[in-house]
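Laboratory data are not the source of any read-out in this text; all were calculated from the coordinates shown. Since the model is a prediction, treat every value here as computed from it, not as a measurement. Here the Cβ positions follow ideal geometry from the backbone for every residue, glycine too, while neighbour counts run over all protein chains shown.
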Amino acid sequence: MKNTTAKQAMTYVLALGFVVLLAVYFLVYKSYNDKAEALEKSNITKQQRVDELKVFYDNLSIYNAEIEQYQAQIAAWLDEFPLDVKEEDIIVLALETEKAAFVGYTNININGREALRTIPAATMQLAKMENLTQDVIFVERTVSYVNITDYFNLKKCVETINNSANKLTISNITYSKNEETGELEGTIEVTFYSVIGTGKEYVPQNLKEYESGLANLFGTTTVVDEPEGEEGVEE
């Protein structure tokens with residue numbers, strides 16, 4: 001059997017020690033070093049986030065003031081819309097146009113209510129609109145006013161509709177000329193808007209000032225003569 005000298009034994013010990021050191025390095029030191037680098041990177045990211053939050057905190061009063069302005073603006077916009085558009089509102093608009101212009105209605109086609117957009121109550125609560133506890137629903141209702149008039153009075157009719165206190169828009173106007181009478185026959189299509197869920201109450205129309213009867217639903221029509229110099233429909 002070959003004898004191992006003291007020098008060889010020392011070599012083996014040194015080699016074994018080197019292996020142990022490598023194992024310690026890879027298993028312990030490198031692991032801790034990698035974790036330290038990851039932690040440092042994480043700290044950098046967190047510090048950036050802290051810096052961002054500090055900016056928000058320093059400007060918190062400004063943000064709160066802007067939020068209050070937005071809330072007030074939203075409330076003002078919603079307040080412009082009525083709770084509902086009923087048949088009486090639609091008829092009263094026709095009566096208002098009759099006051100301002102000579103227009104004879106032959107038919108008023110009233111469509112049903114259609115939801116345009118729904119904003120969930122949870123969304124309004126997140127926006128700190130605490131008084132809005134229900135879904136806010138924007139609704140439209142389209143009406144076709146079929147009538148007979150002339151060019152001058154048609155302009156007065158359109159002007160009256162555009163100046164109406166109702167939340168509405170004229171979505172379409174279609175007319176043709178009656179060659180025998182010279183009058184315009186056609187339709188003004190109006191879309192009314194309302195909002196459900198704001199907590200407002202419906203305000204009914206005051207119909208006492210309007211004449212009505214069995215023979216003539218719209219009462220007496222006031223004819224507005226075309227002023228001198230105003231051009232009508234060309235023959």
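With a Förster radius of 25 Å, plug the Cβ-Cβ distance of E88 and N163 into 1/(1 + (r/R0)^6) and report the FRET value to the nearest 0.05. With R0 = 25 Å, the Cβ-Cβ based efficiency is 0.80.
A full extension of the chain between N64 and A38 corresponds to an added length of 5.7 nm, given 0.36 nm per residue minus the alpha carbon distance. Placing one equal scatterer on every Cα of the stretch 82-196 and applying the Debye formula, the log10 ratio I(q)/I(0) at q = 0.13, 0.14, 0.15, 0.21 Å⁻¹ is -0.56, -0.62, -0.68, -1.08. Normalised by the number of residues in the stretch 82-196, the average gap of Cα pairs under 8 Å and 6 or more apart makes the relative contact order 34 percent.
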